[in-house]
Amino acid sequence: MKLNYDFSRVTEAVDARIKKGILPGATLCVHKEGRKIFEYTEGYCDIEAKDPLFGNALFRLASMTKPITAAAVMIQHDSGKLNVTDKVSKYFPSFTKHKIGRLADGKIEFAGYAERDMTIEDLLTHGSGLGSGEVGDAQYAACPRKAGETLSDAAKKYSEWYLDFSPGSSQMYSPIVALDVAAAIVEKTSDTEYEEFLRKNIFDPLEMNSTGYRLNGDMCDRVVTMYKLSDDGCGMTRINMGREGHIGFPENIISGCTGLFGTLNDYSNFAQMLCGYGEYSGRRVLSEESVKRISKPHYPVGFAGMDEYSDWGYTVRVRQKTTPEVQELTAGSYGWSGAFSTHFWVDPVRKITGVFMCNLDNAGGAGAITAFEFECNVMRSLLENKQ
């Protein structure tokens with residue numbers, strides 16, 4: 001049976017933003033029960049050159065790198081090479097007796113010792129306290145990732161940092177740091193360089209042939225230009241990033257937090273694998289139990305900033321309730337976004353995945369209006385056109 005859905009509300013929202021000059025271009029797709037039911041591409045790769053956006057354009061994924069790292073960790077969990085409840089100190093012994101810090105007059109002061117050591121699960125659920133607030137921000141500003149610095153080097157450096165809070169006592173997003181440590185543990189337990197591990201265990205099985213940290217061959221010609229939304233939200237300016245995967249990151253740096261380049265179709269394959277509880281096109285990448293752990297709400301309602309609408313799974317935001325004024329995804333849906341306006345979600349109940357690709361800095365990240373519009377407009381289109 002042919003499925004006929006009217007997604008005009010989705011295309012009109014995208015077109016309106018492009019016409020208004022506040023979105024350079026976007027490419028997006030929706031799958032239902034493993035079948036692509038909608039795909040749309042409009043706008044420009046490069047506005048000044050009038051280069052139209054195309055289907056296999058490469059985008060900087062930013063924090064949509066993190067769910068891939070969570071999958072990598074769970075592959076090792078499935079194989080028995082690690083357990084997510086393990087202390088990080090099992091793999092990097094210096095991760096113990098953590099100091100808690102606080103900022104006073106712009107300087108970090110000692111505020112006591114952590115009540116316990118952090119675990120891998122703390123890293124995955126933003127409950128480690130590592131790089132999760134003003135103390136972490138100050139330390140990263142003083143000592144960011146450097147060219148040639150390996151994941152193991154970065155992890156050892158971070159082990160000396162003050163934490164923003166005691167592991168497990170609170171939660172706060174760790175944008176740059178925590179998932180680097182998780183990726184370093186994957187490297188150590190697999191005895192394989194991290195990008196090679198991803199290629200062998202995730203990218204190749206999922207046919208994510210254009211996803212990686214390095215721009216090789218013709219890939220540089222396929223990367224969309226980065227733009228920045230003006231402070232008043234009424235225009236955009238161009239950002240020249242060269243081959244950097246993230247603003248301020250050295251070229252080719254490997255990170256579990258950010259830095260991957262990828263295409264709409266590649267990431268859609270990853271989302272479909274999650275929707276298939278670890279299986280894609282007859283190939284099993286993750287166990288069903290591991291996908292359930294990734295997508296399970298981790299914190300109790302009301303815990304340290306958690307509300308009744310959303311919670312953390314393993315690097316993904318899990319929706320707790322369906323409310324038109326707040327969000328229209330089915331309860332239990334989960335996903336995440338990138339700082340440059342990429343976004344995805346998985347609805348395991350209705351078996352829907354949605355992926356939105358754009359590269360526009362400072363447009364809201366996980367709170368971007370484009371992500372919210374995409375979710376709402378897709379769900380309204382589906383619910384109004386029940387087949």
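The numbers here are math on the coordinates, done by the rules we state, and not lab data. All values reported here derive from a predicted model rather than from experimental measurement. As a convention, Cβ positions derive from the backbone with ideal geometry for all residues, glycine included, and neighbour counts pool all protein chains shown.
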For the chain, find the longest principal axis of its Cα atoms and tell me its angle to the long axis of helix 178-190, 0 to 90°, nearest 10.
80 degrees
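Using only the Cα atoms of the stretch 97-149, what semi-axes does the equivalent ellipsoid have when each is the square root of 5 times a gyration tensor eigenvalue? Give whole Å, largest first.
Values: eigenvalues 72, 64, 17 Å².
Its equivalent ellipsoid spans semi-axes of 19, 18, 9 Å.
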So if I take the centroid of the Cα atoms in the stretch 187-213 and the same for the stretch 1-57, what is the distance between those two points in Å?
29 Å
A 29 angstrom limit on the alpha carbon distance is what I want to check against. Which of K36/K228; K66/K99; K81/K292; K87/K292; K36/K292 exceed it?
K36/K228
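Extension gain D191-N385, at 0.36 nm per residue separation less the Cα-Cα distance, in nm?
Values: separation 194, 0.36 × 194 = 69.84 nm, distance 5.00 nm.
Between D191 and N385, full extension yields 64.8 nm more.
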Starting from the 7 Å offset along Cα-to-Cβ, what nm value, one decimal, do you get for the label separation of C220 and F54?
1.8 nm
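If R₀ is 25 angstrom, what is the calculated FRET efficiency for the pair K90 and T322, using the beta carbon separation as r and rounding to 0.05? Walk me through the numbers on the way to the answer.
Working: r = 40 Å, r/R0 = 1.59.
Calculated transfer efficiency: 0.05.
Using R₀ = 41 Å, calculate the FRET efficiency as 1/(1 + (r/R₀)^6) where r is the Cβ-Cβ separation of R116 and N209; round to 0.05.
Details: r = 42 Å, r/R0 = 1.03.
E(calc), rounded to 0.05, equals 0.45.
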Sticking with the crude label model, points 7 Å out along Cα→Cβ, report the distance from I247 to E149 in nm, one decimal please.
1.9 nm
Size of the chain as Cα extents on the principal axes (Å, biggest first):
58, 43, 42
Helix 264-275: angle to the longest alpha-carbon principal axis of the chain, degrees 0 to 90, nearest 10?
70 degrees
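With an 8 Å Cα cut-off and a minimum separation of 6 or more residues, compute the relative contact order for the stretch 1-61 in percent. Could the numbers behind the result be given before it?
Details: 69 pairs, mean separation 14.8, N = 61.
About 24 percent, as a whole number.
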Once you keep just the Cα pairs under 8 angstrom separated by 6 or more residues, what percentage relative contact order results for the stretch 295-387?
19 percent
Per 0.36 nm of contour for each residue apart, how much would the distance between K36 and D231 grow if the chain were fully extended, relative to their Cα-Cα spacing?
66.5 nm
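What FRET efficiency do you get for A331 and D6 if R0 is 30 Å and r is their Cβ-Cβ distance, rounded to the nearest 0.05? Mind showing how you got there, number by number?
On the way: r = 25 Å, r/R0 = 0.83.
Here the calculated transfer efficiency is 0.75.
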For K146, go through the aspartates and glutamates and keep the ones whose alpha-carbon is under 19 Å away, minus same-chain ones fewer than eight residues off.
D137, E160, D180, E187, E193, E195, E244, E251
